[in-house]
1. Looking at (1) surrounded by 19 or more Cβ atoms within 10 Å (Cβ to Cβ); (2) of a type in the set (V, I, T); (3) within 30 Å of N332 (Cα to Cα), can you tell me which one V559 breaks?
2. Considering (1) surrounded by fewer than 20 Cβ atoms within 10 Å (Cβ to Cβ); (2) small (G, A, S); (3) not in a helix (DSSP H, G or I), say which one A484 fails and leave the rest.
3. Six or more apart or on different chains, Cβ atoms under 7 Å: show the pairs whose first residue is in segment 299-324 and among the polar types (S, T, N, Q) and whose second is buried (at least 17 other Cβ atoms within 10 Å of the Cβ) and at pLDDT 90 or above.
4. Of the conditions (1) in a helix (DSSP H, G or I); (2) buried (at least 17 other Cβ atoms within 10 Å of the Cβ); (3) out of contact with any strand residue (DSSP E or B) (no Cβ under 9 Å at 6 or more places or on another chain), A58 fails just one. Which one is it?
5. Among the residues of segment 642-680, which ones are modelled with pLDDT under 95, outside any loop (DSSP other than H, G, I, E, B) and exposed (fewer than 11 other Cβ atoms within 10 Å of the Cβ)?
6. Do we find that E202 is surrounded by 14 or more Cβ atoms within 10 Å (Cβ to Cβ), at pLDDT 95 or above and among the charged types (D, E, K, R) in this structure?
7. Looking at segment 21-39, which of the residues that are of a type outside the set (A, V, I, L, M) and more than 15 Å from P312 (Cα to Cα) is nearest to the chain's Cα centre (by Cα)?
8. Evaluate the following for A613: is it in the same structural domain as G530 (by TED's automatic domain parsing) and surrounded by fewer than 18 Cβ atoms within 10 Å (Cβ to Cβ)?
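The values are calculated or read from the model by the stated rules, or taken from the named source; none is laboratory data. Only a predicted model underlies this, so the values are computations on that prediction, with no experimental measurement involved. Note: ideal-geometry Cβ built from the backbone for every residue, glycine included; neighbour counts use all protein chains shown.
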Amino acid sequence: MNTQLPQDRFLDRELSWISFNQRVLDLAKTPDTPLLEKIRFLTIFTNNLDEFFMVRVAGLKRRIAAGIATRAVSGKLPRETHRDVLLRSRDLQLAQTTLLHDELLPELAKHGIRIVRWDEVDADNQTRLATWFHHKVFPILTPLAVDPSHPFPYISGLSLNLAISVKNPMTGQDLFARIKVPPLMDRFIRASKTEDLFVPIEDVIAAHLSSLFPGMEIMKHHFFRVTRNEDLEVEEDDAENLLAALERELTRRRFGPAVRLEVENSIEQDILELLIEELEVEPEEVFQLPWPLDLRGLETIANIKRDEFKYPAFVPKTSVHLANAESASEPNVLEAMSKQDILLHHPYDAFSTSVQLFLEQAARDPQVLAIKQTLYRTSGDSPIVKALIAAAEAGKQVLALVEIKARFDEEANIEWARKLEEAGVHVVHGLVGLKTHCKLSMVVRDEGDDLRRYVHIGTGNYHPKTARLYEDLGILSTDLEITADVATLFNVLSGYAVGAEYKRLLVAPAGVRVGLVALIEEQIARKQNGQEARIQFKCNAIVDELITDALYRASQAGVQIDLLVRGICALKPGVPGLSENIRVHSILGRFLEHSRLYVFGAGQDTKYFIGSADMMHRNLDRRVETLVEIRQADHRRYLAEILEVGISDNVRHWKLDGNGTWEQISHDENGNLLLDFQTYLIGRHPGPRSA
């Protein structure tokens, strides 16, 4: 076996992420994706790219500004990666708008759904829209002039704006002004009472600029949008100061430096030069794009009530382990758990009648004495939070570990933390320097002669809304080893502990990487001893160098490795002498593939782990994460089945090669459309069954 690993064995992380977003865009091109779902994938693509620039591209700019010349493991300098990211992102945004104009808008129009400019709206509807504008929009708008007494205004990140050139007819002087498009209003306004006819709100505003600048001559206007560095950097002294420090950073977030400027490709040079100068962006950070900018607003179109152009309705059902048939009465989750562990697969198994009901029933059960819960992200009207509050008000001991540093949910989590504290819940924020990303619930119940623990461990957040859209796994368990491990971890998170040990959990930052590498090495040893060996991962990202190198060594030893990676993959598969035994597939679809599943071995002694950790530095080094070993036979069979189907060549997927190129595989060699993985799972529903 070749133990020397080549220097160029890693793909670039940032470019791999862009390839992931290209796969999202591919979903908007796939012929059998319903029309309005194609529009929705355009909005997801835009949202993804916005966050990428706000965090990852902003980080590249910080490193460049600091003069950091350290090469990434891919061999690229920060400046080289930044250049490549801008080029690839610009190409993809142009491909996105080309797809919209050349294919999707004509297809929408064919079915009576039209997006038009102001000049294409007939006179009667223009009159009606003008009335609406003066009553509903005009009072909100604030024109901001730029002159010696009015400095260039601050432009908030991701806002859509009008850059306006006006002339004073009395003096002949040319002046500049800016108007921000109201961010809380629908972007595309229904322009007709009888048709699905929509006009962008910025066009309505532009048509009425004379009302905003009375007596001035409107010379020209252009639309633009700026993206800013919105990543937070908080120094954690202790949990007491963390809340205040984070709130200060949230205020500063709005004033981060610009990392991208999007403008219409029709913009005139003098306006563009002014924006570049005032926003302090480099020319290569300017994206000149066709109308319309900011395709997030197409969500309005995607939500039109035209079900024939959407995915078939899917309603999650109660797990067969919790109810044999749908009935008017709710399942008794605690009673079901007392009989056997229950494997859940969301959204195919309903979150509302499993995890959510578990906590709601525990909150009102008089025999339940305590509830402990981690919260990384949850919804604004979260029934999980309501259940914790109800439990505390009923006199139960309730601990909530609220991760207030969850990116882009910081403000909401601070609000929920305070509401929980006001209700008497013990709120903690975990360990200094680490985010708590593990998904854990624990209920302690008095059952007469003994206290019994009931736990849930999952791969997804306790978020009822995303649980209908994200694919995740979880287990409800009363297993003595698992529940003891979860109890130990909660004590570590809320108190003081040194050298905690676990029997069924791998816990980051100390144990996940070490544990997984040991499991990989075990498969290498099996192969070298002539035994059957295999490794299978299903996760969101593989970036960590130590894990990747261990997989390379396993491949060199002849271990067959199949990786199902939704997002970033820095590993190069299929490289002779390095990774010829590694295959990497990616599956995307109507549900966001989010579960993490790690499988080692073949046959009876195969080990299965599910949990919250991806193979990334932040998960393995800077977060508290858990993986739990699944041992129940029927659970293992189900996990084996979904993995075997997911990595097979019989389902639609993207295949990665050693150069970092993803190829979409949607048809077999005879031209027949391959099976959709998620459609298979809907048909497989209601999920895992007992033997």
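1. So the condition that V559 fails would be (3).
2. Every listed condition holds for A484 apart from (3).
3. T300/R187; T300/F188; T318/A350; T318/T353; S319/I342; S319/L344; S319/D349; S319/S354
4. A58 satisfies every listed condition except (3).
5. Scanning segment 642-680 gives no hits.
6. Considered against the rule, which asks whether it is surrounded by 14 or more Cβ atoms within 10 Å (Cβ to Cβ), at pLDDT 95 or above and among the charged types (D, E, K, R), E202 comes out as yes.
7. N21
8. no
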